[in-house]
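Report on the structure given below.
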Amino acid sequence: MAVIRGSKGLSETCMASNLVVGDIITIEAGMRIPADCILIDGMDVKCDESMYLVDSISIDKKISISKEQHQSENPDPFLLARSLVLSGSGRALVCAVGVRTRWFIEHPVEDLEDDNEDTPLTIKLKNLADVIKGYAHIAAFLICSTLLLFLVCNILFNGKAELLSQGTLQKLIRAFTTGVAIIIVSVPEGLGLAVSISMAFSIS
């Protein structure tokens with residue numbers, strides 16, 4: 001986000017926490033407005049202010065050029081903090097920052113609570129992960145049991161095999177590591193991340 005200090009004429013890349021009243025910021029499609037601003041130059045600027053007005057999805061933002069134009073078209077040049085720019089580009093003058101913005105006035109910090117509730121998608125992913133873990137444990141148990149049964153049968157019916165030998169110990173360790181490996185590779189730890197990335201790409 002480019003910002004120009006009004007009196008110094010300094011242009012730089014800046015975050016919302018570095019803005020002060022009087023700065024001129026460059027806005028473009030896809031960005032969120034960092035502070036309450038007034039549009040001073042722009043073309044085809046539309047913003048999503050649904051967080052302020054429930055029925056509002058896309059609002060045209062226009063500059064008030066003259067008294068006649070203001071009375072006839074009733075343009076809306078105000079850009080509210082945290083609203084999303086849907087289209088267009090331009091420049092805006094910062095009028096309020098931080099706790100002085102409309103967002104913080106309507107949503108004080110002390111009223112914001114993090115309930116840490118899981119979303120329906122998170123709950124479904126956790127249930128799916130539990131099911132996969134259950135089948136993985138069953139598969140690991142069956143495979144380990146089969147390998148151990150095969151080893152016991154080999155010792156009993158093969159005269160050359162010995163119960164207490166280095167080869168038998170290696171086979172026991174191999175059976176155990178096989179079961180552990182099946183459990184590890186079957187736990188879908190990256191399932192949530194993969195679904196989130198897929199949804200982000202599909203939405204964009």
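The values are calculated or read from the model by the stated rules, or taken from the named source; none is laboratory data. Bear in mind that the values here come from a model prediction, so they are computed numbers and not experimental data. Heads up, the Cβs are rebuilt from the backbone with ideal geometry, glycines too, and the neighbour counts pull from every protein chain shown.
Just checking, which of 60, 130, 44 is modelled with pLDDT of 80 or more, on the phi > 0 side of the Ramachandran plot and either among the hydrophobic types (A, V, I, L, M, F, W, C) or surrounded by fewer than 15 Cβ atoms within 10 Å (Cβ to Cβ) (or both)?
Values: 60 fails: on the phi > 0 side of the Ramachandran plot; 130 fails: on the phi > 0 side of the Ramachandran plot.
Only one candidate passes the filter, namely 44.
Considering only segment 134-164, state which residues are among the polar types (S, T, N, Q) and either modelled with pLDDT of 80 or more or exposed (fewer than 12 other Cβ atoms within 10 Å of the Cβ) (or both).
Initial filter on segment 134-164 (among the polar types (S, T, N, Q)): 145-146, 154, 158.
If the condition is that a residue be among the polar types (S, T, N, Q) and either modelled with pLDDT of 80 or more or exposed (fewer than 12 other Cβ atoms within 10 Å of the Cβ) (or both), then 145, 146, 158 are the ones that fit.
Regarding residue 167, is this residue small (Gly, Ala, Ser), in contact with a Ser or Thr (Cβ under 8 Å, 6 or more places away or on another chain) and at pLDDT below 75? Please lay out each step first, then the result.
On the way: small (Gly, Ala, Ser): yes; in contact with a Ser or Thr (Cβ under 8 Å, 6 or more places away or on another chain): no; at pLDDT below 75: yes.
Spelling it out, it is not the case that residue 167 is small (Gly, Ala, Ser), in contact with a Ser or Thr (Cβ under 8 Å, 6 or more places away or on another chain) and at pLDDT below 75.
Does residue 179 fit the bill of being within 19 Å of the chain's Cα centre (by Cα), surrounded by 11 or more Cβ atoms within 10 Å (Cβ to Cβ), outside the structural domain of residue 30 (by TED's automatic domain parsing) and assigned to a helix (DSSP H, G or I)?
On the way: within 19 Å of the chain's Cα centre (by Cα): no; surrounded by 11 or more Cβ atoms within 10 Å (Cβ to Cβ): yes; outside the structural domain of residue 30 (by TED's automatic domain parsing): yes; assigned to a helix (DSSP H, G or I): yes.
The answer is no for residue 179.
What pairs come out if I take residues in segment 166-178 that are touching a residue at least 12 places away in the same chain (Cβ under 8 Å) and pair them with residues that are of a type in the set (D, E, K, R) whose C-beta lies under 9 Å away, six or more apart or interchain?
Here the result reads 168/162, each pair linking segment 166-178 to a residue that is of a type in the set (D, E, K, R).
If a residue must be aliphatic (A, V, I, L, M), farther than 20 Å from residue 20 by Cβ and either in contact with a Leu (Cβ under 7 Å, 6 or more places away or on another chain) or touching a residue at least 40 places away in the same chain (Cβ under 8 Å) (or both), how many such residues does segment 58-99 contain? Outline the logic, then answer.
Residues of segment 58-99 aliphatic (A, V, I, L, M): 59, 63, 65, 79-81, 84-86, 92-94, 96-97, 99.
Within this subset, residues satisfying the condition of being farther than 20 Å from residue 20 by Cβ are 59, 63, 65, 84-86.
Imposing the further condition that a residue be either in contact with a Leu (Cβ under 7 Å, 6 or more places away or on another chain) or touching a residue at least 40 places away in the same chain (Cβ under 8 Å) (or both) reduces the set to 63, 84-86.
The qualifying residues number 4.
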